[in-house]
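A short write-up of the structure that comes next.
The values are calculated or read from the model by the stated rules, or taken from the named source; none is laboratory data. Everything numeric here is computed off the predicted structure, so don't read it as measured data. So basically every Cβ, Gly included, is an ideal-geometry build from the backbone, and we count neighbours across all protein chains shown. To get the accessible areas, we keep the full protein, side chains included, count just its heavy atoms, and leave off ligands, DNA and RNA. Shrake-Rupley method; radii C 1.70, N 1.55, O 1.52, S 1.80 Å.
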Amino acid sequence: MDTLVLETHAVSWRYNGDWLRVEAHGRDGLRLRASPFPDRGDAAGALLDEPADISDPIVTRDGATARITNGRITAEVDLQGRVRFLNASGHVLLEEKWRQRDTISKFWTVGTDEVRTISALGLAGREFRVIEGVDVAQITVRFEAKSGERLYGMGQYQQPDLDLAGCSLELAQRNSQASVPFVVSNHGYGFLWNMPAVGDAHFAANGAVWTARAAHEIDYWITAADTPAEILRSYARVTGTVPIMPEFALGLWQSKLRYRTQEELLSVARDYHARGIPLAVIVADFFHWPVQGDWRFDPREWPDPAAMTAELKAMGTELLVSIWPTVDHRSENYPALVEKGYLVRAGRGLDVQQEFLGNTRFIDVTNPGARAFLWDTAKRNYRDKGVALFWLDEAEPEYSAYDFDNYRYHSGSVLSVGNAYPLHYAQAFYDGLSAEGETKIVSLIRCAWAGSQRYGALVWSGDIHSSFEAMRNQLSAGLNMGLAGIPWWTTDIGGFHGGHVDDPAFHELMIRWFQWAVFTPILRMHGHRDPITPPAEPFRDGVAQCDTGAGNELWSFGEAVFETLRGYADLRERLRPYVASLMRAAHEHGDPLMRPMFYDYPGDPRCWTLDDQYMFGPDLLVAPITAAGVRERSVYLPDGVWRDAWTGERFANGGDIAFAAPVARIPVFVRDGATVAEAFLRN
């Protein structure tokens with residue numbers, strides 16, 4: 001029996017119950033699915049959009065090899081089901097790694113030579129270890145090594161590495177870690193592991209290995225293009241782009257842990273207004289509620305939310321309200337949520353999934369009914385009182401113990417589908433706001449998966465430490481999130497954990513972090529500052545009460561720091577038109593606002609090695625200071641004419657330059673002729 005079948009837009013292979021299908025998907029894209037189990041249709045990859053603009057696929061066969069070409073990418077499948085991908089020039093982009101004795105039949109042809117691979121190792125390019133009793137397997141996919149390959153994207157990991165070649169990455173969601181498994185190669189391809197299963201990706205010198213701990217089938221997508229920008233745009237066409245960012249959101253966001261009362265929050269907003277500092281957003285953070293899972297203001301501290309939001313709007317400020325997916329058994333919503341099966345379930349032990357100030361379970365946002373319940377409650381208690389923005393915290397979700405094998409969602413076990421939880425969390429509010437007629441939707445959220453961007457996910461990097469080391473990690477995290485298709489990204493300026501408001505060392509960190517954040521998608525103050533104020537009542541109505549951090553406003557760190565931060569906040573206001581143009585490009589094409597140097601200068605080999613400077617859009621080159629005590633640094637300028645953004649000094653020949661960087665000055669260069677240069681001229 002012939003194992004290969006040619007279809008109109010696909011090539012398929014079947015043998016002994018195993019099957020594989022490679023189909024055209026999107027412009028210059030191919031999607032591969034394979035399994036030892038019966039084909040369930042589109043079970044594993046339902047998160048990919050179905051694009052209408054596929055190239056005109058060409059499906060052919062040459063003896064033992066079938067080929068499908070879709071635009072600039074080709075897949076070859078042989079009689080044994082082995083696969084490799086090539087670009088339009090015939091260069092191999094990615095090739096499965098097989099090391100078996102029975103691969104002595106005709107394999108690939110290179111020039112006029114027939115290549116035979118014979119090995120006693122017994123390694124397969126695709127491996128399924130069936131989990132007894134269920135229709136899933138532990139899956140391993142292996143690819144051949146590629147000399148000199150550099151890899152970028154994959155989401156957010158707390159490490160300084162921008163180039164991920166040589167890295168081992170957990171494919172799982174944790175506080176401050178976001179698995180968005182799309183990788184961009186300097187060899188001209190982008191690869192999406194379209195499987196929300198918990199697993200790992202190893203980009204080793206002897207080959208790449210992807211694993212899923214429990215999945216029904218392999219599902220991945222690959223595209224080819226000449227530049228990283230083209231790769232990102234192809235990816236955005238099949239996973240979606242962000243909505244239009246509302247204009248007000250481009251300014252300063254103010255938050256701390258936490259404003260305890262309506263009057264305290266309003267007093268801070270009034271202070272900003274009185275000082276003449278435009279404030280885009282102010283945040284009512286967690287534990288403004290009576291009990292976790294009530295999803296409403298406690299009227300004892302927040303007596304009139306509608307009046308509060310109206311006063312804020314009159315000052316030009318929007319209110320952002322924190323939502324947690326945790327539900328305490330004492331919540332007024334707990335009985336209904338349990339009855340309807342809308343909570344995450346544990347397979348063993350006590351069903352307590354998080355223990356922070358209460359024994360709680362998580363709402364199961366993979367269940368459409370649970371998403372509707374959550375939104376209906378938020379609409380009644382927040383939206384109908386004038387709240388337009390939501391902060392979707394704990395979005396991983398953050399289990400007290402990350403025992404992924406112990407929990408089950410409506411859509412399957414956490415091992416098999418868990419990484420998609422933050423996507424559905426954002427979807428709940430996107431769908432609800434869309435039904436209200438909103439089109440410019442943005443939700444601050446602590447995690448993401450591939451496709452989260454289309455639901456208005458503004459991802460922040462979680463509960464990170466207040467240190468220069470953590471700041472350096474965020475630079476790589478933000479750049480790789482952009483390359484993973486998540487262009488809306490932000491950090492807690494100054495870090496979340498620690499930082500004493502009277503500490504001069506922290507003042508330096510705060511200034512360096514704030515001046516860098518001006519050149520990120522969202523400028524957002526947040527952090528748990530020392531000294532901490534304990535609650536007046538440790539318990540109220542039997543419910544534990546939350547601490548409050550010290551002040552975290554621009555003026556909280558002394559007059560000298562305030563003047564510097566205020567100057568940079570003014571600069572951000574002047575940069576609004578430029579940032580708005582970058583937001584439009586993100587919406588229309590999927591272009592990241594922050595991007596590594598090679599994104600705009602792919603033909604410059606040096607730009608592929610730079611990991612401590614970046615482009616903020618096409619016209620601004622930013623080189624942040626990410627270490628204490630540094631007052632000068634080297635900056636590399638690509639070919640072209642550049643100007644020092646602060647002095648206007650002209651540099652015409654590119655190359656490395658030494659740049660003086662006193663504490664109040666971040667190195668920034670403007671592409672010659674760019675109108676954004678006018679924003680740096682002080683009034």
Which of the residues belonging to the stretch 237-247 are among the aliphatic types (A, V, I, L, M) and surrounded by fewer than 24 Cβ atoms within 10 Å (Cβ to Cβ)?
-> Ile244
Does the stretch 177-198 hold any residues that are over 24 Å from Ala395 (Cβ atoms) and touching a residue at least 60 places away in the same chain (Cβ under 8 Å), and which are they?
-> Val184, Ser185, Asn186, His187, Gly188, Tyr189, Phe191
Please determine, by comparing only the residues of the stretch 282-304 that are in contact with a strand residue (DSSP E or B) (Cβ under 6 Å, 6 or more places away or on another chain) and not aliphatic (A, V, I, L, M), which one is nearest to Asp271 (Cα to Cα).
-> Asp285
So is Gly654 at positive phi and small (Gly, Ala, Ser) or not?
-> yes
Among the strands (runs of 3 or more DSSP E) confined wholly to the stretch 151-204, which include 3 or more residues that are open to solvent by less than 20 Å² (accessible area, probe 1.4 Å)?
-> 151-156, 178-185, 189-193, 199-204
Could you say whether any residue in the stretch 485-498 is open to solvent by 10 Å² or more (accessible area, probe 1.4 Å) and among the hydrophobic types (A, V, I, L, M, F, W, C)?
-> yes
Between a first residue in the stretch 578-605 that is within 13 Å of Pro243 (Cα to Cα) and in contact (Cβ under 8 Å) with a residue 40 or more places away in the chain and a second residue that is charged (D, E, K, R) and assigned to a helix (DSSP H, G or I), which pairs have beta carbons less than 8 Å apart while being 6 or more apart in sequence or on different chains?
-> Ala580/Glu247; His589/Arg233; Gly590/Arg233; Gly590/Arg237; Asp591/Arg233
Any residue in the stretch 141-152 that is among the basic types (Lys, Arg) and within 19 Å of Asp405 (Cα to Cα)?
-> no
Within the stretch 129-137, identify whether any single residue is without any contact (Cβ under 8 Å) to a residue 24 or more places away in the chain, in a strand (DSSP E or B) and among the charged types (D, E, K, R), and answer yes or no.
-> yes
Answer from Arg446, Arg512, Arg454 - the residue that is closer than 25 Å to Pro667 by Cα, modelled with pLDDT of 95 or more and among the basic types (Lys, Arg) = Arg512
Flag if Leu621 is open to solvent by less than 40 Å² (accessible area, probe 1.4 Å) and under 19 Å from Gln515 (Cβ atoms) = yes
When residues of the stretch 577-597 are filtered for being more than 20 Å from the chain's Cα centre (by Cα) and surrounded by 17 or more Cβ atoms within 10 Å (Cβ to Cβ), how many remain?
-> 1
Got a sec? Which of Ser267, Ser255 is closer than 30 Å to Pro303 by Cα and surrounded by fewer than 20 Cβ atoms within 10 Å (Cβ to Cβ)?
-> Ser267
Residues of the stretch 642-683 being without any contact (Cβ under 8 Å) to a residue 24 or more places away in the chain, within 28 Å of Ala580 (Cβ to Cβ) and touching a strand residue (DSSP E or B) at 6+ places or on another chain (Cβ under 6 Å), which ones?
-> Arg650, Phe651
Which of the residues spanning the stretch 127-146 are in contact with an Asp or Glu (Cβ under 6 Å, 6 or more places away or on another chain) and among the acidic types (Asp, Glu)?
-> Glu144
Among helices (runs of 4 or more DSSP H) lying entirely in the stretch 333-450, which contain 1 or more residues that are open to solvent by 30 Å² or more (accessible area, probe 1.4 Å), over 27 Å from Gln158 (Cβ atoms) and among the hydrophobic types (A, V, I, L, M, F, W, C)?
-> 334-340, 368-381, 421-435
Please specify each residue of the stretch 629-680 satisfying the condition of being of a type in the set (D, E, K, R) and open to solvent by 50 Å² or more (accessible area, probe 1.4 Å).
-> Arg631, Glu632, Asp639, Arg643, Glu649, Arg650, Asp656, Arg665, Arg671, Asp672, Glu678
Looking only at the stretch 526-552, which residues are modelled with pLDDT of 90 or more, part of a strand (DSSP E or B) and surrounded by 15 or more Cβ atoms within 10 Å (Cβ to Cβ)?
-> His528, Arg529, Asp530, Thr548
Which condition number in (1) of a type outside the set (Gly, Ala, Ser); (2) open to solvent by less than 10 Å² (accessible area, probe 1.4 Å); (3) within 21 Å of Pro325 (Cα to Cα) is the one that Arg260 fails?
-> (2)
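So that you can scan it fast, the table gives a plain yes or no per residue for (1) at pLDDT 95 or above; (2) in a loop (DSSP other than H, G, I, E, B); (3) surrounded by 20 or more Cβ atoms within 10 Å (Cβ to Cβ):
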{"site": "Val22", "(1), (2), (3)": "yes, no, yes"}
{"site": "Ala43", "(1), (2), (3)": "no, yes, no"}
{"site": "Ala52", "(1), (2), (3)": "no, yes, no"}
{"site": "Gly81", "(1), (2), (3)": "yes, yes, yes"}
{"site": "Asp102", "(1), (2), (3)": "no, yes, no"}
Unmet criterion (only one of (1) closer than 19 Å to Thr140 by Cα; (2) at pLDDT 90 or above) for Ala66 = (1)
Of all residues in the stretch 24-40 being open to solvent by less than 10 Å² (accessible area, probe 1.4 Å) and farther than 22 Å from Ala236 by Cβ, which is nearest to the chain's Cα centre (by Cα)?
-> Ala34
